[in-house]
Amino acid sequence: MTSEQTELISRTRGTALTQRLCVYGTLAMVTLLNVISHANLQPNAHEKAWGDAINYFRMSEQTGAAVDNPFALRMLSPWLVHRANLLTGISLDRLWLALTVVAVLAAAIVFFEFLRSHLKLQLFTSALTAVALACTFWYAPYAFTNPYLVDPLNNLLYVVALWLAFERKLIAFTAVIVVGAINKETTLLLAPLYPLLAWTRGRKLRDRDVLGGVLAVVVAAGLYIAFRLWAQNLIGGEYGFGAGQGNKSLFDNIAFALSANKGSDQLVLFTTFHFLWLVFAFGLYRQYRRYGLGSDLLVASIWLFGCCVAGRLVATDTGRVFVMMAPLVLGVVAVVLDGQRGERRRLWVGLLLFLYIALSLGWVSAPTSFLVDAAAALIFVLLMYYPVSSGRTFRGVPGVRVSATAEKPSGPVSHR
């Protein structure tokens, strides 16, 4: 290797590092602005907490506090805050907010790296979509309004686990699932995804990755059961698996959950990701047409959507349940939008994601939001209907060119 080649590689690495640091700084600034806009920074902010956050705060005051099921067994986040309080003397309110901020920012950074390093998307697409994730209401701003929840750490572990599953790193994936289950038992729902992905890749049940994935499911389930027995002994109470508040039966819990949000559930589900549901659906269709069930993004999306539907059977907060799909929904969206090359088309992509951020942050009033969603969906349809070529532009939308041929994947990356 010549000195000129060495210098070029060094310069390229330096540029890539600088770009990453700029993106990290941007995500940190976006997170800070969301904290300023939504967090209660008063000394006793926990007095205004609501819902299950009240239980988690009590658990941070006393490890093993006998709060309602299933909250009592979601011990990791409260325990981290409790230990940090003992070590530093910083108030629980400040530590809960700090944990929430760190987890949200880390999730956004990991998501950016997933897009950039694993899916090999453009810097522009990866950075802008990561900003959109950091502004998704149920993913970040809501967490800052009630920062005593286990959700932020859970969301971080979800995006890490998904990346590890796609990279086929079984041991690390299993470790994340086990740790995540201590934070919130729903993380266990991701465990079967590893053998499922392995099977769809090779269609052989005796494949090494399939068998290893099945073993990982058994190990993760066994370790969680052991943790549950230990935690019940620590707390000194009986907590039925799958039972709801008051330790009622699973069927009572389902009946209670399904009795909530009558007449508004579809709207809440739609507003979780707004018009990006359309982009997500189109992206899954494209994944299926190109790769069939060999697409990791497609299989993981279908699995996690099913898990969220099952989760909604025992939970009342539809938005908080389905926002667990954020890394996959926005990941598929990023793959679709990454095909829009050229400065003018990037302006339209930027406008689409800006409209999503505006809707997520509540900048658009309820009566107008549907019109904004419809306008954004129309822009997306026009971008897809008139793919990039060196040909004509369609009337009224500069820079969107007409081509008689279907859009082809850019570069050697499959984006599966």
*Kindly establish whether residue 299 is at pLDDT 90 or above, touching a Cys at 6+ places or on another chain (Cβ under 9 Å), aliphatic (A, V, I, L, M) and part of a helix (DSSP H, G or I).*
no
When every residue in region 77-91 that is of a type outside the set (Phe, Trp, Tyr) and under 11 Å from residue 56 (Cα atoms) is compared, the one nearest to the chain's Cα centre (by Cα) is 77
Test residue 66 against the stated conditions and say whether it is surrounded by fewer than 22 Cβ atoms within 10 Å (Cβ to Cβ) and modelled with pLDDT of 95 or more. no
**Asked** Is it true that residue 176 is in a helix (DSSP H, G or I), surrounded by 22 or more Cβ atoms within 10 Å (Cβ to Cβ) and without any contact (Cβ under 8 Å) to a residue 40 or more places away in the chain?
**Response** yes
Turns out the helices (runs of 4 or more DSSP H) fully within region 238-293 with at least 1 residues that are at pLDDT below 95, among the basic types (Lys, Arg) and within 23 Å of residue 369 (Cβ to Cβ) are none
The residue that is nearest to residue 96 (Cα to Cα), considering only those in region 34-85 that are acidic (Asp, Glu) and assigned to a loop (DSSP other than H, G, I, E, B), is 52
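Listed here are the residues, each with its yes/no results for (1) modelled with pLDDT of 90 or more; (2) more than 30 Å from residue 157 (Cβ to Cβ).
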{"site": "362", "(1), (2)": "yes, no"}
{"site": "369", "(1), (2)": "yes, yes"}
{"site": "380", "(1), (2)": "yes, yes"}
{"site": "392", "(1), (2)": "no, yes"}
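Among the residues of region 146-172, write down those that are within 16 Å of the chain's Cα centre (by Cα) and of a type in the set (Phe, Trp, Tyr).
Across region 146-172, the qualifying residues are 158, 163, 166.
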The residue that is farthest from residue 56 (Cα to Cα), considering only those in region 107-129 that are assigned to a loop (DSSP other than H, G, I, E, B) and among the aliphatic types (A, V, I, L, M), is 121
Flagged in region 316-360 as part of a helix (DSSP H, G or I), under 23 Å from residue 37 (Cα atoms) and more than 15 Å from the chain's Cα centre (by Cα), in numbering order, are 350, 351, 352, 353, 354, 355, 356, 357, 358, 359
Among residues of region 130-145 being among the aromatic types (Phe, Trp, Tyr) and not in a loop (DSSP other than H, G, I, E, B), the residue nearest to residue 106 (Cα to Cα) is 144
When region 34-48 is checked residue by residue, the ones that are buried (at least 16 other Cβ atoms within 10 Å of the Cβ) and closer than 24 Å to residue 133 by Cβ are 34, 35, 38, 39, 40
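Of all residues in region 76-90, which are small (Gly, Ala, Ser), out of contact with any Phe, Trp or Tyr (no Cβ under 7 Å at 6 or more places or on another chain) and under 16 Å from residue 153 (Cβ atoms)?
Of everything in region 76-90, just one residue is small (Gly, Ala, Ser), out of contact with any Phe, Trp or Tyr (no Cβ under 7 Å at 6 or more places or on another chain) and under 16 Å from residue 153 (Cβ atoms), namely 84.
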Expected single match for of a type in the set (A, V, I, L, M), under 16 Å from residue 328 (Cα atoms) and touching a residue at least 40 places away in the same chain (Cβ under 8 Å) among 106, 72, 134 is 134
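The values are calculated or read from the model by the stated rules, or taken from the named source; none is laboratory data. What you see is a predicted model, and the numbers here were worked out from it, not measured in a lab. Cβ coordinates were reconstructed from backbone atoms using ideal geometry, including for glycine residues, and neighbour counts include every protein chain displayed.
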